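Below you'll find the structure, written out as structure tokens, and then a few comments.
The values are calculated or read from the model by the stated rules, or taken from the named source; none is laboratory data. Nothing here was measured: the structure is a model prediction, and the numbers come from that model. Here the Cβ is made from the backbone with ideal geometry for all residues, glycine too, and neighbour counts use every protein chain on show. These area figures cover heavy atoms from the full protein model, side chains too; ligands, DNA and RNA do not enter into them. Shrake-Rupley method; radii C 1.70, N 1.55, O 1.52, S 1.80 Å.
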Amino acid sequence: MLAKTFGAAVYGVDAKVITIEVNVGKGTRFHMSGLPDSAVKESEHRVESAIKNYGFRMPRIKVVVNLAPADIRKEGSAYDLPIGLCILKASGQITAELLDQYMIMGELSLDGTLRPIKGVLPIAIEARKNKYKGLVLPKENAQEAAIVNDIDVIGVSNINEAVEFFEGKMQIEPLEVDTRDVFMAELNNYDVDFKDVQGQENIKRALEIAAAGGHNVIMIGPPGAGKTMLAKRLSSILPPLSLHEALETTKIHSVAGKMGSNSSLISTRPYRSPHHTISDVALVGGGGNPQPGEISLSHNGVLFLDELPEFKRTVLEVMRQPMEERKVTISRAKISLDYPANFMLIASMNPCPCGYYNHPEKECVCAPGVVQRYLSKVSGPLLDRIDLHVEVTPVSFDEMTANRKTESSTEIRERVIRARETQAGRFKDNATIHSNAMMPSQMVKDVCEINEAGKTLLKTAMERLGLSARAYDRILKVSRTIADLAGSDEIKIEHLAEAIQYRSLDREGWAG
């Protein structure tokens, strides 16, 4: 007899329908075709043990399992459940007439219970797109799949529950989730807040400008000055995610297997902070079975690189193209995948190996030339993509112990949202540009016009401070954002002056 059902294979952030066919006939062997990897081939042993635990038997005649289309490689253990159900139907142990109307996925334990799988959200979207009656999958994944409406999501704990559901012996109500309620309930639910930070008003201001214009930031300062603490709070002042952005972000985390059990929708902006020993593949994505890297996991959020010069040079250089294109393309011999990577980069570094160069109280003990060599570990092309360079100085004891009330993240975010709304109106005719930081050079000339006094100031600053030519566009973009925060239609001289001070590393002799 022949039995058929459907599953899905995840490629990039999308899924493709896979047809699972099982034929039981004359012979003695178990055959599997359709380019399965080792994990799929091993399903024979997991399925046999699982069905025996519930009183079924593994056919001792020829069993042929085909995963179609046969030219696409199938990976992972999520095909266990559909293969098991098809074997039971093909061998006449169950009738399960509706088996070919559902998409089914799940990994079986040896005792027949189901383990959660990765990539559930794109699988649910594909199931709805192909108009299947429903999606049967492990109970721990049901919450995540149920944010896709207009499809019945059936969560089961073991293979026996799935059998009884298809045999009509057990009624399992489809799980329903009000996506908007889930989205609104967790929106802006951050664990950290800017009101906890005493002092550092100039750094808070720089991060507010960065959030308002989508600019990348690098903070330079001694150990213990508060760089990491400030970076962790940047997500909390970014504009709230839209529902579309939340779904897009959840898709990436789902594919990477980062969702966890019984989780549904990511409604706060991601914050990722990889260690400096990370490999280039782990950062940008890839591998034999391509997976999203840290830059994609921080899509629509913040990527924080602490101790930037300690990262391997190759790791930092592979980031340059994704920072410009807002996506990363991973190419293999048979497949090419695009992962979105629209993130804000915030980096921090010590000014020298000992950490105390330019410190107001402690003396730097680094040998001559060491500071310059340390700073040169971060390449010019990478710094070129960072708009704001901010010097962080330690907070004094008086500032730390002061009872002065500081602004909360909510208050700062309101100003950021107003500035972003101004930019949304400015770029409404250009679908690929959403913030000032994304403007190409040609648009900068049109949008960031400055008067004669501004040009004189900028010329003087570039000559006296030894600013590099590449700083010119960056200063104009940042000054446009400062003007947006101030509600000004034109870039005034004070906006330019503030933007100029955020180019520390462009100054000649900064590490003299």
Out of all the residues in the range 289-315, which are touching a residue at least 40 places away in the same chain (Cβ under 8 Å) and among the β-branched types (Val, Ile, Thr)?
295, 302
Identify the residue in the range 311-323 that is of a type outside the set (Ser, Thr, Tyr) and surrounded by fewer than 15 Cβ atoms within 10 Å (Cβ to Cβ) and, among all such residues, is farthest from the chain's Cα centre (by Cα).
313
Count of residues meeting criterion [in contact (Cβ under 8 Å) with a residue 12 or more places away in the chain and either open to solvent by 10 Å² or more (accessible area, probe 1.4 Å) or among the acidic types (Asp, Glu) (or both)] in the range 242-254:
6
Residue tally, condition over 25 Å from the mean Cα position of the chain (by Cα), crowded, with 17+ Cβ neighbours inside 10 Å and of a type in the set (Lys, Arg), over the range 420-454:
1
Condition (residue is among the β-branched types (Val, Ile, Thr), at pLDDT below 95 and within 24 Å of residue 119 (Cα to Cα)) applied to the range 43-59: is it met by at least one residue?
no
Out of 261, 279, 267, 298, report the one residue that is in contact with a helix residue (DSSP H, G or I) (Cβ under 8 Å, 6 or more places away or on another chain), of a type in the set (Ser, Thr, Tyr) and crowded, with 16+ Cβ neighbours inside 10 Å.
267
Just to verify a result, which residue in the range 456-512, among those that are among the aliphatic types (A, V, I, L, M) and at pLDDT below 85, is farthest from residue 211 (Cα to Cα)?
511
Among the strands (runs of 3 or more DSSP E) lying completely within the range 1-63, list those that include at least 3 residues that are open to solvent by 30 Å² or more (accessible area, probe 1.4 Å) and charged (D, E, K, R).
14-25
Matching option when the condition is in contact with a Leu (Cβ under 6 Å, 6 or more places away or on another chain) and at pLDDT 95 or above, among 83, 104
104
In the list 172, 151, which residue meets the criterion of being in contact with a Phe, Trp or Tyr (Cβ under 8 Å, 6 or more places away or on another chain) and free of Cβ contacts under 8 Å to residues at least 24 places away in the same chain?
172
Neighbours by Cβ (under 6 Å, 6+ apart or cross-chain): first from the range 483-498, open to solvent by less than 80 Å² (accessible area, probe 1.4 Å); second among the β-branched types (Val, Ile, Thr) and part of a helix (DSSP H, G or I)
484/422; 495/482; 498/482
Selection from the range 70-107 of residues that are under 29 Å from the mean Cα position of the chain (by Cα) and of a type in the set (S, T, N, Q):
77
Go through the range 64-113 and report how many residues are under 14 Å from residue 23 (Cα atoms), crowded, with 18+ Cβ neighbours inside 10 Å and of a type in the set (A, V, I, L, M).
7
Considering only the range 84-115, state which residues are within 12 Å of residue 6 (Cβ to Cβ) and part of a helix (DSSP H, G or I).
85, 86, 99, 100, 101
Exactly one of 289, 300 is in a loop (DSSP other than H, G, I, E, B), closer than 30 Å to residue 187 by Cβ and among the polar types (S, T, N, Q), and that one is 300
Kindly evaluate residue 457 against the criterion of being farther than 24 Å from residue 219 by Cβ, open to solvent by less than 70 Å² (accessible area, probe 1.4 Å) and either among the aromatic types (Phe, Trp, Tyr) or assigned to a helix (DSSP H, G or I) (or both).
yes
Within the range 475-502, residues assigned to a helix (DSSP H, G or I) and touching a strand residue (DSSP E or B) at 6+ places or on another chain (Cβ under 7 Å) come out as 475, 478
Does residue 268 fit the bill of being of a type outside the set (Asp, Glu) and assigned to a helix (DSSP H, G or I)?
no
